[in-house]
Amino acid sequence: MSSLLVWCALLQTLLLVTLRLGDCAIAVDANRTSALEEARLQRENLVRKYLKRLKKEEGALKLIGGRGDFEGNVEIFHAGKWGAICDDEWDQAEAEVVCRQLGFPGYVKPTHTGHFGRAKRKFWMDNLWCGGKEAELTDCRFDGWGANDCESGEAAGVICKQHDTDTTTTSKPVPVELKVPKERFGQRLELRLVGGRVEGEGRVEVRIVDGPGGAGPWGSVCGDGWGLLEGNVVCRQLNLGYANNAVQTDFFSDEADGKGLPERVLLSGTECYGNESTLADCLHDPIGWDTVATCSERKGHVAAVTCVPAMADLVFDHVEMEQSLHLEDRLMYLLQCAMEENCVATQAYEIQRDNPNWHLETRRLLKFTARVVNMGTADFRPHIPKHLWEWHLCHMHYHSMEVFATFDVIDGQGRKVAEGHKASFCLEDNQCLPGVEPRYACANYGDQGISVNCSDIYRHNIDCQWVDISELDFGEYTMRVAINPEFKVPEMRFDNNAATCRLLYTQTYARVFDCKHERP
């Protein structure tokens with residue numbers, strides 16, 4: 001017993017000495033604390049950025065095709081294989097989740113239409129809908145693993161914000177020359193379509209008309225990010241009407257004619273607003289007279305277009321929205337059908353999950369009528385074939401479009417604080433000008449579309465024709481309604497597809513005013 005007491009006394013003495021030495025060590029090493037903390041944070045950022053990607057875990061993400069590790073098309077790991085993500089309903093909320101999961105401090109923008117090249121693998125995810133606060137992309141709602149109707153040119157991507165310490169914490173800093181912003185070409189370009197079966201189709205080839213030695217050689221346009229906005233500019237410049245299809249393909253290469261595809265890629269990263277008169281007026285990655293443009297896929301990945309003389313042109317009626325907009329508090333019990341289509345805010349699903357009496361809770365809805373008029377020269381038709389339309393039991397009709405309209409509420413700092421959408425849609429002629437016979441109807445598996453000089457009207461009493469603003473503070477905001485927001489269906493022009501209005505929201509009422517048309 002005495003020896004045990006001696007050992008206890010020795011341990012107490014040793015503990016006191018250790019504590020005193022520790023105090024001394026802290027005092028001596030105080031000047032090293034900030035450096036150690038900085039190193040720890042750098043290691044933490046590095047681990048957070050790469051751990052989920054390097055380990056082939058279920059739900060892991062990676063970005064491919066970009067100029068650095070901060071950008072590219074998004075791929076996700078599922079069932080032992082990597083797969084692509086479709087850009088239907090892909091927006092800032094999904095980009096925020098992806099960049100956070102990969103360890104970046106935020107996002108710059110989401111990208112669409114295979115901005116970083118065509119999807120090389122099967123699409124694992126389609127119609128993703130995130131609230132923006134999810135820890136991982138797999139926490140968001142989507143159609144189900146592998147369920148999709150997407151083509152390779154519909155790959156979703158992101159550009160993430162970079163860490164301030166990226167040059168010291170990563171072994172692959174982005175070269176300075178790759179950070180040069182896009183610019184207009186600055187020289188006159190001649191265009192032609194090659195390899196098509198008729199005059200109005202083919203791959204796009206360009207050449208500089210007034211170079212140092214006269215007209216230069218013909219070159220192709222890289223397919224990265226190529227879409228209907230760019231296609232419309234090409235068709236307009238060639239006086240061939242409007243772009244019915246703008247694709248990234250080598251379909252129009254014909255080895256039999258001895259031409260094949262030109263070795264020179266003259267333009268890449270083409271980005272048009274849609275109203276330019278020539279392709280040279282659009283933005284492109286910088287390129288010199290004697291240099292070759294870079295492309296994510298150098299072989300068989302060129303821009304092509306099909307032009308037609310007649311085209312639909314949808315216009316959103318903001319006057320109808322101004323007159324019909326109002327507030328309604330609605331029980332969640334009555335919103336179950338709408339919740340199946342992600343038509344309420346993320347908080348509603350959290351209430352449904354955590355509160356056993358969720359059906360007695362109410363949501364505040366900003367409701368309005370959406371009237372869309374076809375003022376073009378051809379009918380507006382869904383781009384999904386009829387045999388792929390989905391039957392919805394709640395609404396008792398087939399849905400022919402995945403994303404037809406988006407409704408966003410934006411605060412003074414430009415942040416989206418509430419949103420709604422028509423993710424599944426039925427198109428029909430609800431109202432036509434005198435002398436125009438309605439042709440499209442949703443009932444009985446009928447053909448869907450909007451005839452020339454007819455309107456599709458979704459009234460305020462229809463499911464999902466609202467924005468869930470239950471968590472929104474009172475104040476003044478911007479409301480933005482966009483039709484065909486992802487430019488999936490061709491139109492004459494897109495600068496009249498959206499309406500941006502001022503929104504005043506008080507305790508007793510809401511109204512929109514000062515609306516103007518613009519591009520989605």
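The values are calculated or read from the model by the stated rules, or taken from the named source; none is laboratory data. Because the structure is predicted, anything quoted here is derived from the model rather than measured. Methodologically, a virtual Cβ is constructed for each residue, glycine included, from the backbone with ideal geometry; neighbour enumeration extends over all protein chains shown. Accessible surface is based on the protein model in full, side chains and every heavy atom, while ligands, DNA and RNA are left aside. Shrake-Rupley method; radii C 1.70, N 1.55, O 1.52, S 1.80 Å.
For the stretch 60-161, the share of alpha carbon pairs falling in successive 10 Å distance bins from zero is 19, 57, 24, 0 percent.
Applying 1/(1 + (r/R0)^6) with R0 = 35 Å to the Cβ-Cβ distance of Lys182 and Leu36 gives a FRET efficiency near 0.25.
Each Lys or Arg adds one and each Asp or Glu subtracts one; over the other residues with Cβ under 12 Å from the Cβ of Asp447, this totals 0. The candidates Lys516, Lys182, arranged from most to least accessible area with a 1.4 Å probe in the full protein assembly, appear as Lys516, Lys182. Full extension of the chain segment joining Gln323 with Thr506 gains 64.2 nm, where the gain is 0.36 nm per residue of separation less the Cα-Cα distance. The residues packed around Leu191, meaning those with a beta-carbon under 14 Å from its beta-carbon, carry a net charge of -2 if Lys and Arg are +1 and Asp and Glu are -1. Computed extension length for Arg192-His387: 66.6 nm, one decimal, from 0.36 nm per residue of separation with the Cα-Cα distance subtracted. Placing +1 on each Lys and Arg Cβ and -1 on each Asp and Glu Cβ, with no other charges, gives the stretch 314-518 a dipole about its Cα centre of roughly 180 debye.
The Ala135 and Arg415 beta-carbon pair, evaluated with R₀ = 22 Å, returns a calculated FRET efficiency of approximately 0.60. Site pair Glu361 and Met375 shows an inter-label distance of 4.2 nm when each label is modelled 7 Å from Cα along Cα→Cβ. In loop segments of the stretch 425-514 as defined by DSSP, the chymotrypsin sites (Phe, Trp or Tyr not before Pro) with at most 16 further C-beta atoms inside 10 Å of their C-beta are Phe474, Tyr509. Taking GluC sites (Glu not before Pro) across the stretch 184-228, the ones in a DSSP loop with at most 11 further Cβ atoms lying within 10 angstrom of their Cβ are Glu199. Other residues lying with their Cβ under 9 Å from the Cβ of Ala418 contribute a combined charge of -3, Lys and Arg counting +1, Asp and Glu -1. When the listed pairs Lys109/Lys386; Lys81/Lys120; Lys62/Lys109 are checked against a 22 Å cut-off, the alpha-carbon distance exceeds it for Lys109/Lys386. Taken along its three principal axes, the alpha carbon spread of the stretch 407-518 comes to 45, 29, 27 Å, from the longest extent down to the shortest. Direction-averaged projected area, Cα convex hull, the stretch 314-518: 12.0 nm², rounded to one decimal.
Between Glu271 and Arg121, the FRET efficiency estimated from the beta carbon spacing at R0 = 30 angstrom works out to 0.75. One decimal place: the segment Asp495-Trp145 gains 122.5 nm when fully extended, by the rule 0.36 nm per residue minus the C-alpha distance. Counting only protein heavy atoms and a 1.4 Å probe, the stretch 347-456 has 49 square angstrom of accessible area per residue.
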